[in-house]
Structures are given as C-alpha cells and as structure tokens.
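Below: one structure, written as structure tokens.
The values are calculated or read from the model by the stated rules, or taken from the named source; none is laboratory data. Only a predicted model underlies this, so the values are computations on that prediction, with no experimental measurement involved. Here the Cβ positions follow ideal geometry from the backbone for every residue, glycine too, while neighbour counts run over all protein chains shown. The accessibility values were calculated without ligands, DNA or RNA, using every heavy atom of the protein model including side chains. Shrake-Rupley method; radii C 1.70, N 1.55, O 1.52, S 1.80 Å.
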Amino acid sequence: MSMASLNFPLHPPPSLTHSSSTSCSIPKGFVPCYNIHALKLKGHLQTSQSRRSLLVVKSAVGEGREASVVDPPPSTPDFPWDAPSKSTLKFNLLSAVSGLNRGLAANEDDLQKADTAAKALEAAGGVVDLSVENIDKLQGRWKLIYSSAFSSRTLGGSRPGPPTGRLLPITLGQVFQRIDVLSKDFDNIVELQLGAPWPLPPLEATATLAHKFELIGSSKIKIKFEKTTVKTLGNFSQLPPLELPRIPDALRPSSNRGSGEFEVTFLDSDTRITRGDKGELRVFVIA
C-alpha cells in the first residue's frame, strides 16, 4: 500500500466527548492515528527550524489516562549524504593541483589550496592502516601529480638537488614511484631532459633512484637509498645504463643522509597522499 493511499483522521471521531479541560478523555480500546499528509518531509533533510516546530504527541490507551503535549525532540544530526563523497573530494584535490606542473609552478596561494583539499580527503578517508593484511595496497607503479616540495624550484624539493632554470637547463618529465611489497623495493623514477649547445639535440634520460623500504608504524614508511641508475633515451638510447653507487654516509652532508620517512595519509585503489618528514605534501595516482 502506498503512503498516498493512507488517509487517517487527524482528530478523534465525533463520538468522543471532550472535557472542559485542555486534555481529552480517551475511551478504552481506542487507538488514535494521525493524518500522515500533515507530516510531509521537504527534501531529504528537514531544517532545524522545521524540526523544532513539530510536536510530539504521547497517546495512551486505558481508562483514566490522558494524552498530553510534550516538548519537541532535540534536533537530529545531519544525514551522512550531506558530506561530500570521496570521489568529489578527490576531484577537488585534482582540480587544485592541475596546471601546477607537479608543483614547480605553485605559488603560496596554490600551496594553501592544495593542502586544504588534501586535508579534506584525508579526513574523509580516516586513519590509514598498512598492517600486514593491507600493505598490498601500496603495490604498483604510482605517478606523481603534485609535490609541494617542488615549489622550491629544485628537483630535490626540500632536500639538496639541482636547480631548474637557465643556469642548468633541466626539464622535469614524468615522475613515478615503483613499489614492490615483497622485495621491499621502492624506486623513484624521474624522466629528465637536459639541454645541450646548438646544434646538438637535448639529452633525454631516465634516472632511477633505488631504495629499500620498511614499515615503521601503521602508516609510516622509512626508505633508505641504495643507488642511482641513469638510462639515456632517444638518439642516445644505445648507450648502456650508467650506475652511480651510493655515496658513503661519511661523505654525505648532514642534511642528506640518503634516507627519509613519510606517512601515508590517504590510500585507496587509485589515489595516494603522503606527508614527508620535512612537511612535503605529495599526491600520486596509480599509473
């Protein structure tokens, strides 16, 4: 039976006698009902004002018992669908970082907008747990679409690295992270284009920074650098890969010991957000 076909009387039948007092005497065996058309819900959510205006009527069956009007109920919390969905929040984040060239073109306002959008998605996703049964979610090749560290205008981000610009004409291409949860391999793969004097063509290369990783908390990861391998592309693709061994810690500056930590603050099947030990915000999508 549909709700539209129900039409109950709002008031008791005329046969009921009313006393001179504000309450009415209800005969034994009578069960009052109300016209449900008077309680239409406007939209999926009532405003707090309309909720306060509704009266709760207590009815009782039995001789000598009276019906009385009581205070309205407390306002109910908003329905869950009032909050933006994760897909909407992911779209907002991707919109905030689009056009920033992985963060190289970001100004202070861009950094703030990206951070705000990331925090909204992190809050919606809840606490990330990379325990043994969930660590497989890290597996795969991830494409970096934004790094707040690149706003420093160096390829090293907040760590030492070559500058981008006219003094050293390096163009940053795609950046990936390749993670293997079985072998504990954690590789940063960077596509680079190095300028060359005319008439020589620019040199294209891929640098792979190999690391090993370990889980040091439910959502925190520590990586330790091992080596860098450079492979030329294009006209120089026939050249063999160049492997650069890891520099001993004694020869490294104190600010770059070849290891680092970061926390995974959001993770699902196609999007990952991390926060570095120097405050770097990075956003990845599955490649």
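Some points to look at:
- Residues of the stretch 110-155 that are of a type outside the set (A, V, I, L, M, F, W, C), at pLDDT 90 or above and part of a helix (DSSP H, G or I): ASP110, GLN112, LYS113, ASP115, THR116, LYS119, GLU122, GLY125, ASP136, LYS137, SER148.
- Any hit, the stretch 239-257, residues being modelled with pLDDT under 95 and in contact with a helix residue (DSSP H, G or I) (Cβ under 7 Å, 6 or more places away or on another chain): yes
- Top-ranked residue of the stretch 179-191 - restricted to ones that are open to solvent by 40 Å² or more (accessible area, probe 1.4 Å) and of a type outside the set (Gly, Ala, Ser), ranked as farthest from LYS227 (Cα to Cα): LEU182
- The set of residues from the stretch 206-226 being part of a strand (DSSP E or B), under 23 Å from ILE273 (Cβ atoms) and either open to solvent by 50 Å² or more (accessible area, probe 1.4 Å) or without any contact (Cβ under 8 Å) to a residue 24 or more places away in the chain (or both) comprises LEU209, LYS212, GLU214, LEU215, LYS220, LYS222, LYS224.
- Among (1) exposed (fewer than 15 other Cβ atoms within 10 Å of the Cβ); (2) of a type in the set (A, V, I, L, M, F, W, C); (3) assigned to a strand (DSSP E or B), the one test that LEU200 misses: (3)
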